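The values are calculated or read from the model by the stated rules, or taken from the named source; none is laboratory data. Since this is a predicted model, take the numbers as computed values, not measurements. When we count neighbours, we look across all protein chains shown, and the Cβ atoms used for this are built from the backbone with ideal geometry, even at glycine. Ligands, DNA and RNA are excluded from the accessible area calculation, which covers all protein heavy atoms including side chains. Shrake-Rupley method; radii C 1.70, N 1.55, O 1.52, S 1.80 Å.
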Amino acid sequence: MVKLWLVALGAALTLVGCAVELVEIGTPREQVLAKYGAPTRVVPIATGTRLQYSRQPVGQSAIMVDLDPSDRVASVRQVLNEKDFARVAPGEWTRDVAEREFGRPAFISRVASWTGDILVYCWLDVGRTDMFFYVYLDPSNVVQKVGQGMEFKEVREPRE
């Protein structure tokens with residue numbers, strides 16, 4: 001049942017993720033919500049409000065719809081990409097900033113060699129390679145470093 005729910009959620013978010021990119025600048029908030037549904041998260045930003053449409057953990061995109069103070073679309077962009085990841089400032093960004101800029105992660109990891117959480121985002125690079133972007137937090141939730149990795153999928157031989 002849970003697997004079926006995740007498949008349905010993934011399909012719905014796929015449609016939302018693709019459609020949100022087509023929202024025009026100046027569109028009122030009510031029209032965005034009527035057309036694309038509830039965002040996965042709403043966060044305040046310096047210039048107004050951000051509607052996050054994230055496909056994590058089942059997808060590889062996160063669309064940010066920024067609204068100006070009059071609640072009209074000021075910008076729309078897919079943020080899980082190398083250019084946006086390069087904006088992360090270790091020592092300055094916190095968990096809250098990372099989640100404001102990229103949405104909630106696909107999952108949170110812990111490893112013995114690191115004392116804090118590791119936020120993990122799934123994304124697709126230009127070459128259509130499945131990738132991970134890691135945000136390493138210290139125990140105070142301050143970003144200390146970032147990293148990337150490629151997802152290797154197991155290839156199985158068909159059974160006879």
Q | segment 71-88, subset of a type in the set (Lys, Arg) and open to solvent by 80 Å² or more (accessible area, probe 1.4 Å), residue farthest from Val126 (Cα to Cα) | A | Arg72
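For Glu30, indicate whether it is open to solvent by 60 Å² or more (accessible area, probe 1.4 Å), at pLDDT 95 or above and not in a loop (DSSP other than H, G, I, E, B).
yes
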Q: Identify, from the list Val111, Val73, the residue that is part of a loop (DSSP other than H, G, I, E, B) and of a type in the set (A, V, I, L, M).
A: Val111
Q) Are there any pairs with C-beta distances below 9 angstrom linking a residue in segment 68-85 that is free of Cβ contacts under 8 Å to residues at least 60 places away in the same chain to a residue that is among the basic types (Lys, Arg) and in a loop (DSSP other than H, G, I, E, B), with the two at least 6 apart or on different chains, and if so which? A) Leu80/Arg55
Q) Out of Arg100, Arg104, which single residue is in contact with a strand residue (DSSP E or B) (Cβ under 7 Å, 6 or more places away or on another chain), outside any helix (DSSP H, G or I), within 19 Å of Tyr121 (Cα to Cα) and in contact (Cβ under 8 Å) with a residue 40 or more places away in the chain? A) Arg104
Q.
Tally up the residues in segment 38-70 that are open to solvent by less than 60 Å² (accessible area, probe 1.4 Å) and assigned to a strand (DSSP E or B), please.
A. 16
(Q) Please go through segment 89-118 and give me each residue that is surrounded by 17 or more Cβ atoms within 10 Å (Cβ to Cβ) and either of a type in the set (Lys, Arg) or within 15 Å of Arg55 (Cα to Cα) (or both), ordered by number. (A) Arg95, Glu99, Arg100, Glu101, Phe102, Gly103, Arg104, Pro105, Ala106
